[in-house]
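Asks: Sharing a structure below in structure tokens format, with a few things to ask.
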Amino acid sequence: MLDTPTITALKAREVLECRGLPTVQVELELDGIYTGIADVPSGRSTGSAEAFELRDGGSRFGGFGVLEAVASVNGEIAQALLESAPPSQRELDRLLCELDGTPEKRRLGANAVLGVSLAYARARAERLGVPLYSALNANAHVLPVPLVNLINGGRHASNDLDIQEVIVLPAGAGSMLEAMQWSTEINLALAEILLQRYGKVALNTGDEGGYAPPLAHVEEALELLHSAVQAAGYGAGCVYGLDAAASHWYDAEGSVYRLAGKTLDRDALIAHYLRLIADYGIVTIEDPLNEDDFEGFAEITATSGIQIVGDDLLVTNPDRVRTAVGLGAANSLLWKVNQIGTLSEAFDAAEIAHRAGWTVVVSERSGETEDAIISDLVVALGAGQIKTGAPVRGERTAKYNRLLTIEEQLGESAVYDGSALLSRAGSGALA
């Protein structure tokens, strides 16, 4: 067994994410030999309780620079960690949290802290001589069903669709490779349908690579996606999902939701979702209600019969997950490691969810780089679901391509199984 590794070099730099904005990249060396490099993703649609992303402000990069976070790594964090030998990932993450000393990692920046945490995990895997997913879980073998975001709206697109993501899940595919084949063919069919119906303007894309056609009603988006699935020949094996991101169209002053020109209270909105579930084969909805409405989440979880995913509600925070589990508010955790700021805390949130019988959906952010670390993390967690955008553009395909490599590495032990998702589909006209 290897002895405890020593951190011999640590540095950070600014790099660009897919929207052209800066983010933090951290490079960490163990024992003068083993190197781990990690990029920190960034979100546009964020929950108010997320860990704090440190930005510089001012005019440079429109205020989005991250030189302060870089300085946190190259200065105070490096001074504390260089030539140290944390015995485990958890001990390193504990040291980072103590060094920052604030609940939301506001002093050093969660983007600085997370970069170190992830780079350390990668360097340890390199030292062990195994892939990251195996270093984190020696029995890892589950490949995730992708939640493929093919139509973008909300804060991720410049159209009038309030619902942020309209998603297809190739749950009936037999492997990761087949799932990506289905997803690509559906996306190609969707492009042709959009071109014929709206013209070439409809082929503009949002932050996560999905199309952003000029529409406002989610029913129209679901019908377009269903038509594409049928045209591609995969109707029997696909189901559908939404990321409502409802906090962004919630009117807190009036305690109402303003959706597609209508004003709805909580009960009316839940009734709207139930109609969509019955009619369109929807099996998963993320953030259907405002981020602090634990009571409403419990109601729709109890009545819908589908996967209700907490993102802004939970922000991968173990304490918020415990609260939601106790109230029955959601039955699935959207797992974004940058929402909490260290790998250990994020794994704790997933463990709480799994022990409660919940599902876990590992997710990218709208501001991604080509770093594919979440592909290893979803396999390590055995989560079985991943959300990483459309099957286009390098920051998205990097994740999918890494999963294809992992599937090949796992060989006969690899499991891809979407049967539980398929079983949740209703029998509506488009289900």
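Asks: Which of (1) over 26 Å from the mean Cα position of the chain (by Cα); (2) within 17 Å of Val309 (Cα to Cα) is the odd one out, the single condition Asp279 does not satisfy?
Replies: Unmet condition: (2).
Asks: Got a sec? Which of Ile167, Ile193 is within 20 Å of the chain's Cα centre (by Cα) and either surrounded by fewer than 23 Cβ atoms within 10 Å (Cβ to Cβ) or within 17 Å of Glu364 (Cβ to Cβ) (or both)?
Replies: Ile167
Asks: Right, Ile77: of a type in the set (Val, Ile, Thr), on the phi < 0 side of the Ramachandran plot and within 25 Å of the chain's Cα centre (by Cα) or not?
Replies: Values: of a type in the set (Val, Ile, Thr): yes; on the phi < 0 side of the Ramachandran plot: yes; within 25 Å of the chain's Cα centre (by Cα): no.
Against the criterion (of a type in the set (Val, Ile, Thr), on the phi < 0 side of the Ramachandran plot and within 25 Å of the chain's Cα centre (by Cα)), Ile77 does not qualify.
Asks: Checking the structure you have, find out if any residue of region 97-105 is surrounded by fewer than 18 Cβ atoms within 10 Å (Cβ to Cβ) and among the basic types (Lys, Arg).
Replies: Within region 97-105, the first condition is being surrounded by fewer than 18 Cβ atoms within 10 Å (Cβ to Cβ), and the residues that meet it are 98, 101-104.
Imposing the further condition that a residue be among the basic types (Lys, Arg) reduces the set to none.
No, region 97-105 has no match at all.
Asks: Here's another thing I want to ask about it. Considering only region 102-110, I want to know if a residue exists there that is under 30 Å from Gln79 (Cα atoms), in contact (Cβ under 8 Å) with a residue 40 or more places away in the chain and under 19 Å from the mean Cα position of the chain (by Cα).
Replies: Checked against the condition, which is being under 30 Å from Gln79 (Cα atoms), in contact (Cβ under 8 Å) with a residue 40 or more places away in the chain and under 19 Å from the mean Cα position of the chain (by Cα), region 102-110 yields at least one hit.
Asks: Here's something else I'd like to know. Among the residues of region 137-150, which ones are out of contact with any helix residue (DSSP H, G or I) (no Cβ under 7 Å at 6 or more places or on another chain) and buried (at least 24 other Cβ atoms within 10 Å of the Cβ)?
Replies: Selection gives Leu147, Asn149.
Asks: Give the residue that is nearest to Ser332 (Cα to Cα), with candidates limited to residues of region 255-300 that are touching a residue at least 40 places away in the same chain (Cβ under 8 Å) and in a helix (DSSP H, G or I).
Replies: Of everything passing the filter in region 255-300, Ile277 is nearest to Ser332 (Cα to Cα).
Asks: If you don't mind, another one. Among the candidates Ala372, Ala390, single out the residue that is crowded, with 19+ Cβ neighbours inside 10 Å, closer than 30 Å to Tyr211 by Cβ, out of contact with any strand residue (DSSP E or B) (no Cβ under 8 Å at 6 or more places or on another chain) and of a type in the set (A, V, I, L, M, F, W, C). I'd like the intermediate steps shown before the answer.
Replies: Details: Ala390 fails: out of contact with any strand residue (DSSP E or B) (no Cβ under 8 Å at 6 or more places or on another chain).
That would be Ala372, the only listed residue that is crowded, with 19+ Cβ neighbours inside 10 Å, closer than 30 Å to Tyr211 by Cβ, out of contact with any strand residue (DSSP E or B) (no Cβ under 8 Å at 6 or more places or on another chain) and of a type in the set (A, V, I, L, M, F, W, C).
Asks: Could you pull out the residue among Val148, Val116 that is touching a strand residue (DSSP E or B) at 6+ places or on another chain (Cβ under 8 Å) and either over 20 Å from Glu14 (Cβ atoms) or not assigned by TED's automatic domain parsing to the domain that holds Leu82 (or both)?
Replies: The conditions single out Val148.
Asks: State all residues of region 196-215 that are part of a loop (DSSP other than H, G, I, E, B) and surrounded by 18 or more Cβ atoms within 10 Å (Cβ to Cβ); if no residue qualifies, say none.
Replies: The initial filter retains those residues of region 196-215 that are part of a loop (DSSP other than H, G, I, E, B), namely 199, 204, 206-210, 212-215.
Selection gives Gly206, Asp207, Glu208, Gly209, Gly210, Ala212, Pro213, Leu215.
Asks: I'd like to know if region 114-136 contains one or more residues that are assigned to a strand (DSSP E or B) and surrounded by 19 or more Cβ atoms within 10 Å (Cβ to Cβ).
Replies: No, every residue in region 114-136 fails to be assigned to a strand (DSSP E or B) and surrounded by 19 or more Cβ atoms within 10 Å (Cβ to Cβ).
Asks: Shifting gears a bit: Within the group Tyr240, Tyr257, Tyr234, Tyr280, which residue is among the aromatic types (Phe, Trp, Tyr), on the phi < 0 side of the Ramachandran plot and surrounded by fewer than 22 Cβ atoms within 10 Å (Cβ to Cβ)? Don't jump to the end; show me each part of the working.
Replies: Numbers: Tyr240 fails: surrounded by fewer than 22 Cβ atoms within 10 Å (Cβ to Cβ); Tyr257 fails: surrounded by fewer than 22 Cβ atoms within 10 Å (Cβ to Cβ); Tyr280 fails: surrounded by fewer than 22 Cβ atoms within 10 Å (Cβ to Cβ).
Being among the aromatic types (Phe, Trp, Tyr), on the phi < 0 side of the Ramachandran plot and surrounded by fewer than 22 Cβ atoms within 10 Å (Cβ to Cβ) holds for just one of Tyr240, Tyr257, Tyr234, Tyr280, which is Tyr234.
Asks: A further question follows. Would you be able to tell me the number of residues in region 72-91 that are more than 15 Å from Ala9 (Cα to Cα) and modelled with pLDDT of 95 or more?
Replies: We begin by selecting, within region 72-91, every residue more than 15 Å from Ala9 (Cα to Cα); these are 87-91.
Those still in the list that are modelled with pLDDT of 95 or more too: 88-91.
Looking only at that region, the number is 4.
Asks: Could you say which residue among Glu286, Glu295 is at pLDDT 95 or above, among the acidic types (Asp, Glu) and more than 27 Å from Leu215 (Cβ to Cβ)?
Replies: The unique qualifying residue is Glu295.
Asks: Then there is this: Anything in region 19-45 that is buried (at least 23 other Cβ atoms within 10 Å of the Cβ) and either at pLDDT below 95 or assigned to a loop (DSSP other than H, G, I, E, B) (or both)? List them, or say none.
Replies: The answer is Val40, Pro41, Ser42.
Asks: Part of a helix (DSSP H, G or I) and under 20 Å from Arg155 (Cα atoms), is that true of Leu222? Let's see the steps before the verdict.
Replies: Numbers: part of a helix (DSSP H, G or I): yes; under 20 Å from Arg155 (Cα atoms): yes.
Yes; evaluated as a whole, the condition is true for this residue.
Asks: Hey, another quick one. For Gly328, all conditions in the list (1) crowded, with 21+ Cβ neighbours inside 10 Å; (2) of a type in the set (Gly, Ala, Ser); (3) farther than 20 Å from Trp182 by Cα hold save one; what is the number of the exception?
Replies: Checking Gly328 against (1) crowded, with 21+ Cβ neighbours inside 10 Å; (2) of a type in the set (Gly, Ala, Ser); (3) farther than 20 Å from Trp182 by Cα, the one that fails is (1).
Asks: List pairs: first residue in region 368-386 and closer than 17 Å to Gly418 by Cα and free of Cβ contacts under 8 Å to residues at least 24 places away in the same chain, second residue surrounded by fewer than 24 Cβ atoms within 10 Å (Cβ to Cβ) and polar (S, T, N, Q) anywhere in the structure, Cβ distance under 7 angstrom, at least six positions apart or on different chains.
Replies: Matching pairs, first to second residue: none at all.
Asks: Follow-up question, since we're still on this one. Is it true that Pro213 is at pLDDT 95 or above, assigned by TED's automatic domain parsing to the domain that holds Leu334 and within 24 Å of the chain's Cα centre (by Cα)?
Replies: no
Asks: Could you tell me whether region 301-313 includes any residue that is assigned to a helix (DSSP H, G or I), modelled with pLDDT of 95 or more and of a type in the set (A, V, I, L, M)?
Replies: yes
Asks: Can you spot a residue in region 349-360 that is polar (S, T, N, Q), touching a residue at least 24 places away in the same chain (Cβ under 8 Å) and in contact with a strand residue (DSSP E or B) (Cβ under 7 Å, 6 or more places away or on another chain)?
Replies: Yes, region 349-360 has at least one match.
Asks: Can I ask one more? Check every one of the helices (runs of 4 or more DSSP H) wholly within region 315-431 and list those with 2 or more residues that are at pLDDT below 95 and small (Gly, Ala, Ser).
Replies: It comes to none.
The values are calculated or read from the model by the stated rules, or taken from the named source; none is laboratory data. Please read all numbers here as calculations on a predicted model, not as lab measurements. Note that we place each Cβ from the backbone using ideal geometry, even for glycine, and neighbour counts take in every protein chain shown.
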